[in-house]
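Novice: Take a look at this one; I'll ask things after.
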Amino acid sequence: MVQPPTSFIISSTEAENLANSKNLTLPQLLPSLLKSAQLLARPLISNFSVGAVGLSSDGRVFFGANVEFENLPLHHTIHAEQFLITNIAAHGGGPKVMNIAVSAAPCGHCRQFLQELRGVDDIKIVITDQEQVYEPVYEAFSAILPYAFGPCDLLDHTHPLILEKCSNEISLKDEIFETIKGNEPDLGDGLRETIYKNEEFVGSEGFTAARGAHAPLKSSVVSDTEILSDGFSELTKDEGFAAARGPHAPVEMGVVIDASDLSNGYSELIDENEEILKREAFAAARGSHAPYSGCPSGVALMDCEGKVYKGSYMESAACNPNKNVHYCTTLGEVIDSYRHAVNI
């Protein structure tokens, strides 16, 4: 029976020993680990698990898996290939990826995202859902993304890419901008007043648009709704927002939670470690891959045990398949929480 790996990373020594024990080379080893990688997935929406395994230039083997977030739009999903690259970047896996094995064909976004790697034409990739592949047929990455558009089309060839050391020059300003209602930055030409007068109308139109979105409500979330002939549910505004929030988001519309109300002293924990969080967030931002927008960013989060997780924003030359800084930070917590669970 296939078991999940005990970690998201296999050291170079362990990888060599594992390959030798199976009489395989390291590239041949990767496909044999895909079923284990798939067990790391959290496909809460699609129920479709994808695993990715990569061999970095320092000899370590890294895992990736798709992660989905219930009650959030699908663009928040993290694909296995993006998880893999973020994992390598977060743990200093070296400037290059040598081989990648993935259990399902990468989507267009992932192919474009991988294009940000140095020497991408030298990367060999195999796509297979078979547990035992003794002679995997690796292809050049260009076979799955021909006529590619990438960093070489926009950047100087010496500019650092993903997985390469980057040091963005940024500094913290003292100003703090609040957006409490009634104290927003002034908008000229009476725009603020116009927004206030039409707030209810805009909310109504937004809800109408949401009803027509291509995102069918799950039956477990909304029940006893009258289905109209055009396929829309006859929901009141309050019912609609309740459905959008889902069963695990019981915050009433219009209510803002004050961080000071957090229980168990978590808010105090954050206050006591504010400087640490700032330092870690800035370290992440300085290492951010944002050569196209020139807007590097980083996030640092602290859990209730005082552990800090940080993530860096990563861009693509195609602009669209970027990796949001919050996703990268979340993956750090996923990796650590899994390691903690295994140790228990």
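The values are calculated or read from the model by the stated rules, or taken from the named source; none is laboratory data. As the structure is a prediction and not an experimental result, all values here were calculated from the model. Please note: Cβ atoms are built from the backbone with ideal geometry, for glycine as well, and neighbour counts cover all protein chains shown. Please note that ligands, DNA and RNA were not included when accessible areas were found on the heavy atoms of the full protein model with its side chains. Shrake-Rupley method; radii C 1.70, N 1.55, O 1.52, S 1.80 Å.
Novice: Out of all the residues in the range 108-128, which are closer than 16 Å to ASP153 by Cβ, open to solvent by 10 Å² or more (accessible area, probe 1.4 Å) and acidic (Asp, Glu)?
Specialist: ASP121
Novice: Shifting gears a bit: Any residue at all in the range 98-107 that's open to solvent by 20 Å² or more (accessible area, probe 1.4 Å) and under 10 Å from the mean Cα position of the chain (by Cα)?
Specialist: no
Novice: So, GLU135, is that one in contact with a Ser or Thr (Cβ under 6 Å, 6 or more places away or on another chain) and in contact (Cβ under 8 Å) with a residue 60 or more places away in the chain or not?
Specialist: no
Novice: Something else now. Report yes if some residue within the range 141-149 is under 25 Å from SER12 (Cβ atoms) and either assigned to a helix (DSSP H, G or I) or more than 23 Å from the chain's Cα centre (by Cα) (or both); otherwise report no.
Specialist: yes
Novice: How about the range 1-81: which helices (runs of 4 or more DSSP H) wholly inside it have at least 1 residues that are open to solvent by 50 Å² or more (accessible area, probe 1.4 Å)?
Specialist: Of the helices (runs of 4 or more DSSP H) lying wholly inside the range 1-81, those with at least 1 residues that are open to solvent by 50 Å² or more (accessible area, probe 1.4 Å) span 12-21, 34-38.
Novice: Please determine whether any residue of the range 311-323 is at pLDDT 80 or above, within 19 Å of GLU164 (Cα to Cα), among the charged types (D, E, K, R) and open to solvent by less than 80 Å² (accessible area, probe 1.4 Å).
Specialist: Yes - at least one qualifying residue is present in the range 311-323.
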